[in-house]
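Asks: Just passing along the structure, written as structure tokens.
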Amino acid sequence: MPPQTPAPHAQQSPTGQTPEQPDHTAPIGDAEGLSDETRPVPRDRGPIGPDVPGPATGTPPPATRTPATRTPATPAAGADGPATAGATPGPAVEDGETQDIRLAPDEAPGQLPPPAADADDRTGVLPPVPADGPAETPAPPTPSGSDDSGGDGSGPDDGVGQPHRPWWRRPAVVTPVAAVSVLAAAYGADLLVAGSDVPRNTVVAGVDLGGLSPAAATERLETELAPRVVADHVVLADDVEGTLSPATAGITLDVEGTVEAATEQPLNPWTRLVTLVSDREVAPVITGEDTALAAQIDGIAEQVDRAPADATIAIEGTTASVVEPVPGRTLDRKGAAEAVTAALASGGDPSTPIELPVDVTEVSVDVAAAQRVLDETVTPGLAASVTVSSQDGATSVEVPETAIAASLTFTPQEDGELAVAVDPAALEEAMGDDFAEFGTPAEDARFELSGDSVSIVPSVDGTGVDPAALATHLLEVLPQPAPRTVTADLGPVPAEFSTAEAEALGIREEISSFTTNFTSAASGTNIRVAAAELDGALVRPGDTFSLNDHTGPRGTAQGYVEAGVISNGAFTTGVGGGVSQVATTMFNAVFFAGLEDVYHKPHSYYISRYPAGREATVYYDSIDLQWRNDSDTGVYVDTQWTPNSLTVTFYGTKRYDVESISSDRYNLRQPVVQEKPDDGSCSPQGGSTGFDITVTRVFKDPASGAEVKREDFRTRYAAEPVIRCVPVAAPATPPAPDGAAPVPAPGG
């Protein structure tokens with residue numbers, strides 16, 4: 001189809017008069033009040049006629065139909081029929097021209113009949129106008145570049161499309177792009193200006209490094225932060241105050257690593273923006289040796305850890321009183337290490353205590369429960385003696401108040417009550433041979449050693465008072481007022497450990513033995529006392545042996561003396577020092593007997609008189625040696641002490657031949673050097689190299705020699721620090737008054 005050319009506006013004649021245009025509008029009665037709806041025909045719709053492809057002329061689609069001017073009485077004919085008489089066809093509307101459409105007040109465009117289909121009709125079809133008026137009539141789509149004046153005919157329309165503005169030049173696009181470009185330029189400039197220096201407002205543990213060069217930052221950290229990290233710090237765990245030495249624990253400030261972390265430029269734009277108004281915190285890089293730090297934490301734990309003590313009753317002579325309960329507490333070792341590391345990383349004042357976390361265990365029995373037992377049983381029970389008589393009344397024995405006091409026991413219960421009882425063995429011991437008047441005591445079976453062989457001494461049943469039954473009868477009368485009497489039933493008293501029971505344990509041969517040596521006399525005393533407590537111990541199948549349970553408290557009251565110990569990573573002295581040698585000797589007996597190791601803790605530092613990776617330390621009530629008899633037969637413990645050696649031998653039924661294989665020492669760690677003032681309390685140490693070692697226990701069948709299984713023990717020893725005692729500088733001589741000669745130093 002040839003391109004459409006917009007029709008020009010009406011032109012004036014040469015005489016200046018506008019030529020008269022024919023009126024193609026059919027008259028409609030009274031024209032007053034008619035709506036003059038004049039609309040431009042959009043260019044992009046194009047003319048509709050016989051030369052233009054389009055919808056069928058019979059009924060054009062509503063979106064492309066423009067109602068033709070109608071006469072009131074005669075509608076236009078269809079496309080395929082002649083026009084009805086009386087209809088006056090209007091002129092064709094040229095492209096770009098407007099057509100006068102006049103509606104009656106009560107008519108709507110939707111009520112108009114379709115226009116006549118004329119072969120020359122090129123009039124565009126306008127959408128219907130709603131009945132409520134042209135103000136709400138939706139405007140037809142405006143062609144690109146057209147100037148729509150709102151459809152009221154007031155704006156000029158020459159039919160020529162205006163150019164459309166490109167999307168990328170619209171303000172909604174240009175403004176954000178410009179803003180992003182400015183920010184990107186500022187971000188890049190900020191990175192370029194920063195260069196290799198420490199970013200602005202960078203702070204490491206309170207030390208301002210912002211804007212410094214790496215060299216200057218290194219110098220400032222070495223001057224202001226490093227000394228605070230390695231200085232001795234005060235630690236506080238509950239009510240226990242101690243000292244932690246980071247240098248001994250191998251903890252130092254990694255200045256180079258810290259500077260590297262501080263100079264790293266943050267690439268996050270928001271982070272860089274925030275640093276304009278606030279500090280950028282960078283954590284210092286702290287290096288340390290976990291084993292050495294754990295050793296110091298263990299030293300602090302020895303002072304902190306304690307088992308809970310329920311309220312109970314203490315008896316001095318025959319006077320009883322309530323003992324206040326004490327909650328148990330345990331140092332949280334992992335939390336303590338984290339607290340120490342965090343405090344050192346913060347660069348805090350060394351004199352400000354580092355608070356270490358402590359786990360508290362509450363007691364079961366309170367003061368009120370203990371007071372009830374004191375008032376109802378103990379006080380009346382100790383008011384007078386109790387008479388024990390035979391059934392026939394021929395024999396009687398007095399149980400004095402002192403024997404009653406010595407035999408009373410108090411046991412906390414889970415329900416919060418304090419149970420009171422009479423201990424039969426303690427009662428027998430307190431009474432001595434007094435009960436012998438009622439018969440002969442029973443004797444338990446026992447094991448007797450002769451060289452490498454072991455034999456059983458048979459048990460003997462006795463006659464007389466049954467201590468357990470007597471204890472029960474005695475407890476029943478204690479709350480009663482004096483005089484109090486109980487009747488003893490005399491008869492056979494069986495041994496608690498019979499010959500048959502001893503034979504069933506299968507203790508018939510040596511299954512392991514180990515010897516260690518020592519030179520310290522003080523340690524030797526403690527070793528002898530502890531070894532005596534272990535001698536003759538019988539561990540039945542399935543039972544677990546505890547060294548701390550067998551020795552009990554190890555204080556001066558039990559015969560222990562001061563000797564060398566390792567405390568808080570340093571060698572010092574303490575009551576009970578040297579008992580770790582007993583633990584080491586027994587651990588090796590357990591190792592070579594092929595018994596199950598339940599718990600053992602190696603020393604923090606390697607001690608040369610012990611086999612590396614096969615040794616153990618103990619500390620009463622916190623660090624224990626525990627092993628389990630996982631065999632089907634019993635284990636009998638024998639200890640032999642000399643002034644310079646200790647031997648622990650196990651007897652039972654041999655299951656394995658055990659071989660020990662030690663690896664080379666690996667992960668070697670060099671000791672740190674510490675200088676301490678020689679003020680009388682400093683003890684120099686030569687130090688030692690820390691290392692790791694793996695010891696393999698190989699189990700073999702005694703009959704065939706075939707290997708049964710293997711077990712690895714991995715041990716990590718901290719480097720023992722080198723301690724140098726530095727002489728303390730003499731105090732400076734005070735300046736002399738003006739005009740006076742200085743006082744010479746002594747000997748000067």
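The values are calculated or read from the model by the stated rules, or taken from the named source; none is laboratory data. This structure is a prediction, so every number in the text was calculated from the model and none was measured. Here the Cβ is made from the backbone with ideal geometry for all residues, glycine too, and neighbour counts use every protein chain on show.
Asks: Looking only at residues in region 471-486 that are surrounded by 15 or more Cβ atoms within 10 Å (Cβ to Cβ) and either hydroxyl-bearing (Ser, Thr, Tyr) or more than 60 Å from the chain's Cα centre (by Cα) (or both), which one is nearest to Val397 (Cα to Cα)?
Replies: That would be Val486.
Asks: Got a number for residues in region 412-436 being at pLDDT 85 or above and assigned to a helix (DSSP H, G or I)? Explain how you work it out, then say what you get.
Replies: Step one: list which residues in region 412-436 are at pLDDT 85 or above, which gives 412-432, 434.
So of that shortlist, the ones also assigned to a helix (DSSP H, G or I) come out as 424-431, 434.
Qualifying residue count for the region: 9.
Asks: Examine region 251-269 for a residue that is buried (at least 20 other Cβ atoms within 10 Å of the Cβ) and at pLDDT below 80, and state whether such a residue exists.
Replies: yes
Asks: Picking from Gly555, Gly576, which residue would you name as being surrounded by fewer than 23 Cβ atoms within 10 Å (Cβ to Cβ) and small (Gly, Ala, Ser)?
Replies: Gly555
Asks: Give the residues of region 589-646 that are under 26 Å from Glu503 (Cα atoms) and either outside the structural domain of Val698 (by TED's automatic domain parsing) or among the β-branched types (Val, Ile, Thr) (or both), sorted by residue number.
Replies: Selection gives Val590, Thr633, Val635, Val637, Thr639.
Asks: Counting only residues that are closer than 17 Å to Ser389 by Cα and hydrophobic (A, V, I, L, M, F, W, C), which one in region 430-439 is surrounded by the fewest Cβ atoms within 10 Å (Cβ to Cβ)?
Replies: Among those that are closer than 17 Å to Ser389 by Cα and hydrophobic (A, V, I, L, M, F, W, C), it is Ala436.
Asks: Which residues, counting only those in region 304-359, are of a type in the set (D, E, K, R) and out of contact with any Ser or Thr (no Cβ under 6 Å at 6 or more places or on another chain)? Can you show your working first?
Replies: Residues of region 304-359 that are of a type in the set (D, E, K, R), as a first pass: 305-306, 310, 316, 324, 329, 332-334, 338, 349, 355, 359.
Passing the criteria: Arg306, Glu316, Glu324, Arg329, Asp332, Arg333, Lys334, Glu338, Asp349, Glu355.
Asks: Any chance you could count how many residues in region 241-259 are outside any loop (DSSP other than H, G, I, E, B), farther than 10 Å from Ile286 by Cα and not acidic (Asp, Glu)?
Replies: Final tally of qualifying residues: 4.
Asks: Mind listing just one residue for me: the one in region 512-542 that is part of a helix (DSSP H, G or I) and among the β-branched types (Val, Ile, Thr) and, of those, surrounded by the most Cβ atoms within 10 Å (Cβ to Cβ)? Steps first, please.
Replies: If we filter region 512-542 for residues that are part of a helix (DSSP H, G or I), which is where we start, we get 521-534.
Adding the requirement that they be among the β-branched types (Val, Ile, Thr) leaves 525, 527, 529.
Working: Thr525: 18, Ile527: 27, Val529: 20.
Applying the filter and picking the extreme gives Ile527.
Asks: Additional query: Can you tell me which residues in region 509-541 are among the polar types (S, T, N, Q) and under 21 Å from Thr617 (Cβ atoms)?
Replies: Ser512, Thr515, Thr516, Asn517, Thr519, Ser520, Ser523, Thr525, Asn526
Asks: Still on this structure: Answer with yes or no whether Arg655 is of a type in the set (Lys, Arg), assigned to a loop (DSSP other than H, G, I, E, B), crowded, with 19+ Cβ neighbours inside 10 Å and modelled with pLDDT of 95 or more.
Replies: no
Asks: From the list Leu427, Leu382, which residue is surrounded by 18 or more Cβ atoms within 10 Å (Cβ to Cβ), more than 30 Å from Val240 (Cβ to Cβ) and in contact with an Asp or Glu (Cβ under 7 Å, 6 or more places away or on another chain)?
Replies: None of the others qualify; the one that does is Leu382.
Asks: Also, I was wondering about something else. Which numbered condition trips up Ser389, out of (1) farther than 20 Å from Ala495 by Cβ; (2) among the polar types (S, T, N, Q); (3) not in a strand (DSSP E or B)?
Replies: Exception for Ser389: condition (3).
Asks: So which of Val454, Val460 is farther than 30 Å from Glu401 by Cα and without any contact (Cβ under 8 Å) to a residue 40 or more places away in the chain?
Replies: Step by step, each of Val454, Val460 is checked, and only Val460 is farther than 30 Å from Glu401 by Cα and without any contact (Cβ under 8 Å) to a residue 40 or more places away in the chain.
Asks: So which residues in region 549-608 are in a helix (DSSP H, G or I), in contact (Cβ under 8 Å) with a residue 60 or more places away in the chain and touching a strand residue (DSSP E or B) at 6+ places or on another chain (Cβ under 8 Å)?
Replies: Once the filter is applied, which keeps residues that are in a helix (DSSP H, G or I), in contact (Cβ under 8 Å) with a residue 60 or more places away in the chain and touching a strand residue (DSSP E or B) at 6+ places or on another chain (Cβ under 8 Å), region 549-608 yields Gln581, Val582, Thr584, Thr585, Met586, Asn588, Ala589, Val590, Phe591, Phe592, Ala593.
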